[in-house]
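Each remark here refers to the structure printed beneath this line.
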Amino acid sequence: MGFGAFCPMPLRLGGSSLEGLTPEQHARICADVVAAKRTVPVAVLTYTKSGGTITLHNYTGMNGRGLAYAPTATSISTGRTGFSWSGIFEDPYEITYPINLQHGVACVHGATGIIAIVTIGGTYAFEVRTISHAGTATDCKVTVALS
Amino acid sequence: MAIVPAGLPAWTRTGIHTQYGGDVNKRNILSQGVIDAQTDVGADEFARLAADLEAIVRTAPFAVITYACNDTSPNPPTIFTVFGMIGVNYTYYLGTSPPTGFPSAARNGNDDVTFTFASSYQDPYAVAGTFVPYHAIASCHGSSARIATVDLVSATTLRVRGFNDAGTAGTDNRFTLMVW
């Protein structure tokens, strides 16, 4: 088999389950990775809006984990926050591609019934509005998932 | 076990492409590319696989859980399905009797449930990784206007509440919860 010191790359598919990677196994990895890529979020973040102050608690995105990778948050008005990125993500090989958000879901934290609405695009990359069950714009803590 | 996999399990969100065999300078030996696409995997292809896996591992939910509250006859919630990094469970279970490795759930009140996760789980190679829920999203099922909210109560517990359109707790409602 073309593995090991004499032929590290390209990998030659085959061999045993202990010392090789069969075409069937590799095909399964590829299919599953593609399936996962299609549906996992691009980014998930949790923030609190209190007046004009927005506190980002955690961020995990395909571009990286941690607040340094998070979009910039802007307080628009009560219960309304806009988020902006540079517009491009870079992978570990410095290959870049524009972020193309299509979906957004959000959920409010806490003990009060508040609705969260995500809008993709517009002035910001995405915008989140939080509205009480009575229809009043309300500041609160929110988790947003984008894909 | 012959080897210990590199890195930590996916839910620690620490996976990087080098742990999967990727490297920014990875190349085919003697720059000889793939000879037969049906039998070979090139360094360029493998590098893409590693980078994409790194991205996926960062944002994939730890668990997606659908459950229903049992409020009319107060009982722990019924967990219908769990799709988790630690396994998939289609068998209904009562929140207080979870199968090994799956979260438990306790009833706090009407449409009000606290889920408890382990602080650490093991991957298929028995490598343990700390789990801390950082994000959660919940949504209600049904045909009426309802709101679900979440709370990250501690490093292992999170709470989900449901409200009707008047802002009061509902009863016996079904929810889907996603946890990262």
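Residues of region B:51-75 that are buried (at least 19 other Cβ atoms within 10 Å of the Cβ) and in a strand (DSSP E or B): B:A63, B:I65, B:Y67, B:C69. Residues of region A:100-121 that are free of Cβ contacts under 8 Å to residues at least 24 places away in the same chain, small (G, A, S) and within 11 Å of chain B (Cβ to nearest Cβ): A:A111, A:G113. So, in region A:58-74, of the ones that are under 30 Å from A:G135 (Cβ atoms) and surrounded by fewer than 16 Cβ atoms within 10 Å (Cβ to Cβ), which residue ends up nearest to the other protein chains (Cβ to nearest Cβ)? The residue in question is A:T72. Taking region A:46-57, which residues are part of a strand (DSSP E or B) and more than 7 Å from chain B (Cβ to nearest Cβ)? Matches in region A:46-57: A:Y47, A:T48, A:K49, A:S50, A:T53, A:I54, A:T55, A:L56, A:H57.
The listed residues are B:A55, B:A51, and the only one of them that is in contact with a His (Cβ under 8 Å, 6 or more places away or on another chain) and facing chain A (nearest Cβ under 8 Å) turns out to be B:A51.
Checked against the criterion of being on the phi > 0 side of the Ramachandran plot, touching a residue at least 40 places away in the same chain (Cβ under 8 Å) and within 8 Å of another protein chain (Cβ to nearest Cβ), region B:9-24 contains one or more residues that satisfy it. Taken over region B:90-125, residues that are in a strand (DSSP E or B) and either of a type in the set (D, E, K, R) or touching a His at 6+ places or on another chain (Cβ under 7 Å) (or both) amount to 2.
Candidates in region B:126-149 are the residues that are among the aliphatic types (A, V, I, L, M) and in a loop (DSSP other than H, G, I, E, B); of these, the one that is surrounded by the fewest Cβ atoms within 10 Å (Cβ to Cβ) is B:A126.
Number of residues in region B:24-48 that are among the aliphatic types (A, V, I, L, M) and surrounded by fewer than 19 Cβ atoms within 10 Å (Cβ to Cβ) equals 6. Restricting attention to region A:16-34, the residues that are farther than 25 Å from A:A70 by Cα and either part of a helix (DSSP H, G or I) or within 10 Å of another protein chain (Cβ to nearest Cβ) (or both) total 13. Restricting the search to strands (runs of 3 or more DSSP E) fully inside region A:58-142 and requiring at least 1 residues that are farther than 25 Å from B:L53 by Cα and over 17 Å from the mean Cα position of the chain (by Cα) gives A:72-77, A:80-84, A:104-109, A:114-120, A:126-132.
Here B:I79 fulfils each of the conditions (1) crowded, with 18+ Cβ neighbours inside 10 Å; (2) under 25 Å from A:Y47 (Cα atoms) apart from (2).
When A:K37 is tested against (1) under 15 Å from the mean Cα position of the chain (by Cα); (2) crowded, with 20+ Cβ neighbours inside 10 Å, just one condition goes unmet, and that condition is (2).
All of the numbers you see were taken from the coordinates with simple rules; none came from a lab. It should be emphasised that the depicted structure is a prediction, and the values quoted were computed from it without experimental measurement. Every residue, glycine as well, gets a Cβ built from its backbone with ideal geometry; the counts of neighbours run over all protein chains shown.
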